[in-house]
Amino acid sequence: MKVGLTGFSRAGKTTLYNALTGLSAAVGGFEARHEAAMAVVKVPDPRVDALSEIVHPKEKKYAEVTFLDFPPSQERKAALENQSLVQLREVDALVQVVRAFDDPLADEPPAPVRDLDAFQAELILADLAVIEKRLERIRKEAVKAREREMEKDLLTRCQSTLEEERPLRGLDFLPEERTLLSGFAFLSEKPLLVVYNSGEEALQQPLPDDVAEYARVENLTVVPVCGKLEMEIAQLDTSERTEFLSELGLSETARDRFIRHAYDHLRLMSFFTAGPVEVRAWTITRDTAAVHAAGKIHSDIERGFIRAEVISYDDYIEHQGESGCRSAGKLRLEGKEYRVQDGDVMHIRFNV
Ligand SMILES: Nc1nc2c(ncn2[C@@H]2O[C@H](COP(=O)(O)OP(=O)(O)O)[C@@H](O)[C@H]2O)c(=O)[nH]1
Ligand SMILES: [Mg+2]
């Protein structure tokens with residue numbers, strides 16, 4: 001999964017990026033670059049460890065999230081930089097980091113709701129520009145536009161939503177419309193998670209009413225974080241970190257909290273494969289059919305899918321592995337359309 005950290009200059013994007021990755025990229029918001037910095041983080045999952053205790057694989061592999069730290073616009077007071085839009089369109093989810101702390105270098109106090117609104121407007125404008133260009137092109141095309149009708153209708157519907165200053169995120173689409181839309185990678189259609197970056201003194205305080213209300217109306221998940229503190233925590237070693245967190249009354253690091261929220265919000269879950277070579281977590285969206293889940297492992301396995309041998313995570317632990325589950329009758333054979341459940345341990349039979 002690819003997550004893009006975005007937001008206005010000096011909102012704390014790079015600070016959060018450091019907190020999430022344990023890196024020490026330079027903060028200060030003056031970087032003169034057009035490309036996003038990128039780092040891969042493993043998704044903590046005690047189930048991978050528990051399965052490995054049983055299977056003793058050569059390797060264990062956690063699911064991974066790639067974080068990209070996007071530079072804000074250099075030329076104007078905007079969150080999105082034209083040069084990095086292509087890269088931004090490739091992410092699975094957007095994070096807007098919102099400044100809620102007093103910044104001595106800023107000429108104004110924090111205004112989270114204004115920033116949320118301004119960011120949304122940028123997403124909408126970027127998408128409108130794409131739609132207008134495409135519609136213009138369809139109009140000019142000489143070919144009998146029969147097959148273009150659906151696309152035109154769909155884009156026109158999107159266009160009017162955007163013109164009402166609404167993001168595409170809230171719209172319902174048919175599966176074939178989604179497929180068509182995926183080619184455009186509209187920014188306002190991507191899931192958006194808000195990181196409310198507050199000062200140290202605001203730690204553990206509820207969100208201000210206006211922010212909570214905005215989030216409710218816009219159906220946004222807001223994760224409150226003190227980026228600066230979390231960055232310091234991420235740079236400690238493990239034992240110091242646990243102690244420091246408990247002193248602050250926190251049970252998890254920003255990274256763990258953030259990843260949990262992101263998984264929830266993006267409707268993500270994991271299934272596992274477990275064998276002598278590796279125990280591995282795979283990330284899929286909820287309601288994925290077994291055959292598509294198989295495609296995560298390899299496209300050949302999806303193509304040649306015969307059936308899946310499935311053991312629920314709890315059964316796998318209770319009966320200490322595959323053979324125990326087999327004799328207890330806990331191993332199921334499932335077909336292509338089986339909806340994979342969170343924690344399923346799967347072995348896929350295929351034929352190429
Ligand atoms: N007090 C406080 N300062 C922060 C926090 N997060 C970031 N900063 C400061 O805000 C400035 C901008 O941070 P940076 O991460 O570079 O912002 P970016 O431009 O969005 O990448 C830096 O001076 C940070 O030290 C925070 O949670 N609290
Ligand atoms: Mg930065």
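Read-outs throughout are calculated quantities, based only on the coordinates presented, and are distinct from any laboratory measurement. Just so it is clear, the model here is predicted, and its values are computed rather than measured. Here Cβ is always computed from backbone atoms with ideal geometry, including for glycine, and neighbour counts include all displayed protein chains.
Compared with the rule-of-thumb size 2.2 N^0.38 Å for a compact globular protein, the chain has a Cα radius of gyration ratio of 1.12. Among ASP237, ASP342, the ranking by other beta carbons within 10 Å of each residue's beta carbon, starting with the fewest, stands as ASP237, ASP342. Using C-alpha pairs below 8 Å separated by at least 6 residues, the relative contact order for the chain is 20 percent. Remark: segment 96-178 carries a charge dipole of roughly 680 debye about the Cα centre, counting +1 on each Lys and Arg Cβ and -1 on each Asp and Glu Cβ.
In the chain, taking the dipole from charged Cβ atoms about the Cα centre, the farthest positive-side position among LEU154, SER84, PRO112 is held by LEU154. When each of the peptides 16-24, 328-336 is scored by how many other beta carbons lie within 10 Å of its residues on average, the order from highest to lowest is 16-24, 328-336. Identify, among LEU268, PHE350, HIS319, the residue whose Cα sits farthest towards the positive end of the charge dipole of segment 266-352, taking +1 on the Cβ of Lys and Arg and -1 on the Cβ of Asp and Glu, with the dipole about the Cα centre. Sorting the options by dipole projection puts first PHE350. Were the residues from GLU176 through ARG267 laid out at 0.36 nm apart, the gain over their Cα-Cα distance would be 30.7 nm. Averaging the Cα positions of each part gives two centres, and for segment 117-186 and segment 1-76 these lie 30 Å apart.
Note on MET269, MET231, MET1: ascending count of other Cβ atoms within 10 Å places them as MET1, MET269, MET231, the fewest first.
I need the Debye-formula profile for segment 120-189: one equal scatterer per C-alpha, no solvent, reported as log10 I(q)/I(0) at q = 0.17, 0.23 1/Å, two decimals. The Debye formula, applied to the Cα set alone, gives -0.58, -1.03.
Around the Cα centre of the chain, unit charges on the Cβ atoms of Lys, Arg, Asp and Glu (plus for the first two, minus for the last two) sum to a dipole of about 1500 debye.
Placing a pseudo-label 7 Å from each Cα along the Cα-to-Cβ vector at GLU164 and ASP314 gives an inter-label distance of 4.3 nm. Above 24 Å, the calculated P(r) of segment 253-352 contains 25 percent of its Cα-Cα pairs.
A cut-off of 5 Å between modelled amide H atoms, ignoring neighbours fewer than 5 places along the same chain, links GLY199 with PHE101, ASP102.
The peptide list 275-287, 64-76, put in order of mean Cβ contacts within 10 Å with the highest first, becomes 64-76, 275-287.
Among DSSP beta bridges whose residues both lie in the chain, state the antiparallel percentage, nearest 5.
On the way: 23 of 47 bridges.
Antiparallel bridges make up about 50 percent of those DSSP assigns within the chain.
The magnitude of the dipole of segment 30-115, with charges of +1 and -1 set on the Cβ of Lys/Arg and Asp/Glu and taken from the Cα centre, is near 300 debye. Show the residues, 5+ positions off or on another chain, whose built amide H is closer than 5 Å to the amide H of HIS34. Excluding prolines and chain starts, which carry no amide H, there are no hits.
Between SER327 and ALA202, full extension at 0.36 nm per residue minus the direct alpha carbon distance yields a gain of 39.5 nm.
Taking a cut-off of 17 Å between Cα atoms, list the aspartates and glutamates near LYS336, but don't count ones fewer than 8 places away on the same chain. Hits, sequence-local ones excluded: ASP287, ASP300, GLU302, GLU309, ASP344.
For a straight C-alpha distance cut-off of 24 angstrom, the lysines reachable from LYS2 (same-chain residues fewer than eight places away being disregarded) are LYS13, LYS42, LYS60, LYS61, LYS190, LYS228, LYS296.
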